[in-house]
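In what follows, a single structure is set out as structure tokens and then discussed.
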């Protein structure tokens, strides 16, 4: 039984780190695109609003994907930690992350429809 719990703990950590890595990749790509937009703006490009909206959508998609991984990690963690306080904390975190993901998804959809 200890071996299974240890494997689940490692799985939760790996899933969690994957979510963080996805966030870092998304933010890095978004930052690079933002810098390109700013350089183009100094060259006289006036399409900054639509370009920024596209970057927001791109970053938002990375955030949504990372949230899915973080929620999966929380679910795996809930299998390990059966203490009521820890389960309540995990439940609250999952609810908050799910709500953030839902509303972020709606915002991305609205922005995508406008561009």
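Every read-out reported here was derived from the displayed coordinates using simple, explicitly stated rules and does not represent laboratory data. Computed from a predicted model, the values in this text were never measured in an experiment. Cβ sites come from the backbone with ideal geometry, for glycine too, and all protein chains shown count toward neighbours.
Do we have any residue at all in the stretch 51-61 that's surrounded by fewer than 17 Cβ atoms within 10 Å (Cβ to Cβ) and on the phi > 0 side of the Ramachandran plot?
no
Go through 31, 69 for me and flag whichever is without any contact (Cβ under 8 Å) to a residue 24 or more places away in the chain, surrounded by 12 or more Cβ atoms within 10 Å (Cβ to Cβ) and within 19 Å of the chain's Cα centre (by Cα). Working first, answer last.
Working: 69 fails: without any contact (Cβ under 8 Å) to a residue 24 or more places away in the chain.
Of 31, 69, the one residue that is without any contact (Cβ under 8 Å) to a residue 24 or more places away in the chain, surrounded by 12 or more Cβ atoms within 10 Å (Cβ to Cβ) and within 19 Å of the chain's Cα centre (by Cα) is 31.
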